[in-house]
Amino acid sequence: MPGPVVVVGGGISGLAAAYALRRAGVDVRLLESRDEVGGVIRSERIDGYLVESGPNSTLNGSLDVERVIEELGLAGERVFASPAARRRYIVRDGTPQPLPTSPWAFATTSLWSGRAKWRLFMEPFSRRAPGGDETVAEFVRRRLGRELLDYAVDPFVSGVYAGDPERLSMASTFPLLAALEREHGGLVRGAFARVFRPREPRPARRGIYSFRSGMAALPRALGESLGDGIWLGASVAALSPTESGFRLDIDLAGERRVVYAERVVLATPAPAAADLLRQCAPALADALAAIAYAPVAVVFVGFHQSAVAHSLDGFGCLVPGRERRTLLGSLWSSTLFPGRAPEGMAALTNFVGGARHPDLVSRSDQELIGLACEDLARLVGARGAPAFARVIRHARAIPQYLVGHSARRARIEGETARVKGLSLVGNYLGGVSVVECMARGLSVGRELAATGR
């Protein structure tokens, strides 16, 4: 019996939970089915390029996570995004146009029409929500109008969630914005009210960051901190309750093992958690199986800088659905952080699929590279074939907080409470960013250590 707590899943959520338990002195075992921890967070150096399979960066918005980075000795390895990354582009009429970052830039931009700007100015007088769980699209059309939905919110939703604003829940996807209307009557009024609220403690330096060796440095360091508390290549075949906790049947390198635990933290994607709970908690399994995911293909390409007409002077560009392109967006990796491409080369991380084009993810590597480069030729003037290309597919990339998600989440939490000794963590529960997942994992781990639940 390895200890009172077993964490199933070595993504960032499970690692954070296990780290918090270990720091609190709890004997914990983490089981990961693959040969390395990190889940979708993987960084690989190939031919001088740093290829990220999952998130390329995160935002230091949590003091809790900042403390862990210090404890792991990663503070000196962190690299913040270049000043150029403050500039972001949205494609309109086939051309990337900079997103305005000041009142004057907003007034003079051609990204949005005068009518759309006037509609934003009049937002404080928009009608209130009729009640119920609105979609993101319904909320934005009601408060800001169709054009800002199409050329501001839709590309953002596709870029961050790979989702469809016509199906995503506003309250679950953008809870802070929904709260501004609920508490203050509108977005502008709410923004002004928040200016005068006492500021919560924040990290000394805020901004987008990664690590010199890529985002995988974070889960790798978390894993190393657990020492021999990790079993890699350990696939859980069955989970069943016992009088004192749980029995886990594990396939470890082809050998069947049985592990007993007082408490279990499931840190897998929702469908995998549903499969494990089907026999012992069918109602919970049904609620987890109802969580939808969007598939995404990452198409990483490298071009000679001289072969790209655009200066790539920004974070990247997002592509609205109305532009009818293959790409959801393109992240200009070699501009964002140093060391992402060989000297004289430009690295672009492109995203295909999502809720907009889910079927494209199953295309061959060559087809996806060709489709991405066809769009890049039109959008940034990339000429010829790339000097380097890699494709990474994620069949279940990002959970979709569809309308009704808050009710599904409440049901999941209620059914979980009925299973003694069981906890769930993961990006399907409340926030898809690295920091949000890590913060929730740390919180669950500390709560378990403190209460013994």
Direction-averaged shadow area of the convex hull around the Cα atoms of segment 260-299, nm²?
-> 3.9 nm²
Segments 22-29, 348-355 sorted - mean Cβ within 10 Å per residue, highest first = 348-355, 22-29
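To two decimal places, what compactness ratio does segment 42-85 give when its Cα radius of gyration is scaled by 2.2 N^0.38 Å? If you can, show how the numbers build up before the last one.
Working: Rg = 12.6 Å, N = 44, 2.2 N^0.38 = 9.3 Å.
Here the Cα radius of gyration is 1.36 times the empirical estimate.
Okay, helix-only estimate at 222 nm for the chain: each DSSP H run of n ≥ 4 adds -39500 (n - 2.57), divide by all residues, round to 500 deg cm²/dmol; what do you get? Walk me through the intermediate numbers first.
Numbers: 16 runs with 150 residues, N = 453.
Mean residue ellipticity at 222 nm (helix-derived): -9500 deg cm²/dmol.
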Count charges around residue 117 for me, please; just the other residues with Cβ under 12 Å from its Cβ, Lys/Arg as +1, Asp/Glu as -1.
-> 0
Taking a ≥ b ≥ c as the square roots of the eigenvalues of the Cα gyration tensor, with a/c under 1.5 meaning rounded and otherwise prolate when a/b exceeds b/c and oblate if not, segment 1-104 is prolate
Karplus 3J(HN,Hα) series, Hz, for segment 388-395 with 6.51 cos²θ - 1.76 cosθ + 1.60 (x for Gly, Pro) = 8, 7, 9, 10, 10, 10, 10, 5
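For segment 1-77, what % of the accessible area comes from carbon and sulfur atoms, probe 1.4 Å? If you can, show how the numbers build up before the last one.
Working: 1310 of 2870 Å².
Ligands and nucleic acids excluded, carbon and sulfur reach 46 percent.
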In segment 107-234, taking the dipole from +1 charges on Lys and Arg beta carbons and -1 charges on Asp and Glu beta carbons about the Cα centre, the listed residue (158, 230, 216) farthest towards the positive end is 158
Note down, for segment 360-440, the three equivalent ellipsoid semi-axes (square root of 5 times each alpha carbon gyration tensor eigenvalue), biggest first, whole angstrom.
-> 40, 13, 13
In the chain, with Lys and Arg counted as +1 and Asp and Glu as -1 at Cβ, which of these residues, 15, 170, 338, has the Cα nearest the positive end of the dipole, that is, farthest along it?
-> 170
Take the alpha-carbon centre of segment 52-105, take the same for segment 136-150, and report the distance between them in whole Å.
-> 25 Å
Which residues' amide hydrogens lie under 5 Å from the amide hydrogen of residue 230, considering only partners 5 or more residues apart or on another chain, with H built in the peptide plane?
-> 30
Where does each of 360-366, 45-51 land if you order them by average Cβ count within 10 Å, highest first?
-> 45-51, 360-366
Roughly how many debye, to the nearest 20, is the charge dipole of segment 190-327 about its Cα centre, given +1 on each Lys and Arg Cβ, -1 on each Asp and Glu Cβ, and no other charges?
-> 880 debye
To the nearest 10 square angstrom, what accessible area does residue 406 show with a 1.4 Å probe?
-> 70 Å²
Of the candidates 355, 394, 437, the farthest towards the positive dipole end of segment 349-453 (Lys/Arg Cβ +1, Asp/Glu Cβ -1, centred on the Cα centre) is 437
Mind listing the long-range amide H neighbours of residue 50? Cut-off is under 5 Å, sequence gap 5 or more, other chains count too, H placed in the peptide plane at 1.01 Å from N.
-> 341
Based on a Kirkwood Rh over C-alpha pairs, give the Stokes-Einstein translational diffusion coefficient of the chain at 37 °C and viscosity 0.692 mPa s in µm²/s.
-> 141 µm²/s
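For segment 89-194, rounded, prolate or oblate, judged on the Cα gyration tensor with a ≥ b ≥ c (square roots of eigenvalues), a/c < 1.5 rounded, else prolate if a/b > b/c? Intermediate values should be presented prior to the final figure.
On the way: a/c = 1.89, a/b = 1.26, b/c = 1.49.
Oblate is the answer for segment 89-194, as a/c is 1.5 or above yet b/c matches or exceeds a/b.
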Across 5 Å bins from the origin, how do the percents of Cα pairs in segment 221-300 run, short distances first?
-> 3, 13, 18, 21, 18, 15, 9, 3, 1, 0, 0
Heavy atoms of residue 304: accessible area, 1.4 Å probe, square angstrom to 10 = 100 Å²
Calculated FRET efficiency for the pair residue 243/residue 322, C-beta based, R₀ 56 Å, to 0.05 = 0.40
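Suppose all protein chains stay in the model; what accessible area per residue would a 1.4 Å probe give for segment 66-184, in Å²?
On a per-residue basis, 51 Å².
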What accessible area, in Å² to the nearest ten, does a 1.4 Å probe give for residue 260?
-> 100 Å²
Mind listing the phi-derived Karplus ³J(HN,Hα) values for segment 48-64, rounded to whole Hz, using 6.51, -1.76 and 1.60 with θ = phi - 60°, and x for any glycine or proline?
-> x, 9, 9, 9, 9, 7, x, x, 8, 6, 8, 10, 7, x, 10, 5, 4
Applied in sequence order to segment 346-353, the curve 6.51 cos²θ - 1.76 cosθ + 1.60 (Karplus, θ = phi - 60°) yields integer Hz couplings, x standing for Gly and Pro, of 10, 10, 10, 9, 10, 10, 10, x
If you place +1 on the Cβ of every Lys and Arg, -1 on the Cβ of every Asp and Glu, and leave all else neutral, what size is the dipole of the chain about its Cα centre, to the nearest 20 Debye?
-> 1400 debye
Once amide H atoms are placed 1.01 Å from N in the peptide plane, what residues at a sequence separation of 5 or more from residue 400, or on another chain, have their amide H within under 5 Å of its amide H?
-> 292, 293, 294
Cα-based Rg then Dmax for segment 294-439, in Å, read 18.7, 61
Shape parameters for segment 408-453, alpha-carbon atoms, Rg then Dmax in Å | 11.0, 29
Quick one: ranking 401, 161 by accessible area, 1.4 Å probe, largest first, what do you get?
-> 161, 401
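The values are calculated or read from the model by the stated rules, or taken from the named source; none is laboratory data. What you are looking at is a predicted structure, and each value in this text was computed from that prediction instead of being measured. Cβ: placed from backbone, ideal geometry, glycine included. Neighbour counts: every protein chain shown. When the accessible area is computed, the model is the full protein with side chains, heavy atoms only, and any ligands, DNA or RNA have been set aside. Shrake-Rupley method; radii C 1.70, N 1.55, O 1.52, S 1.80 Å.
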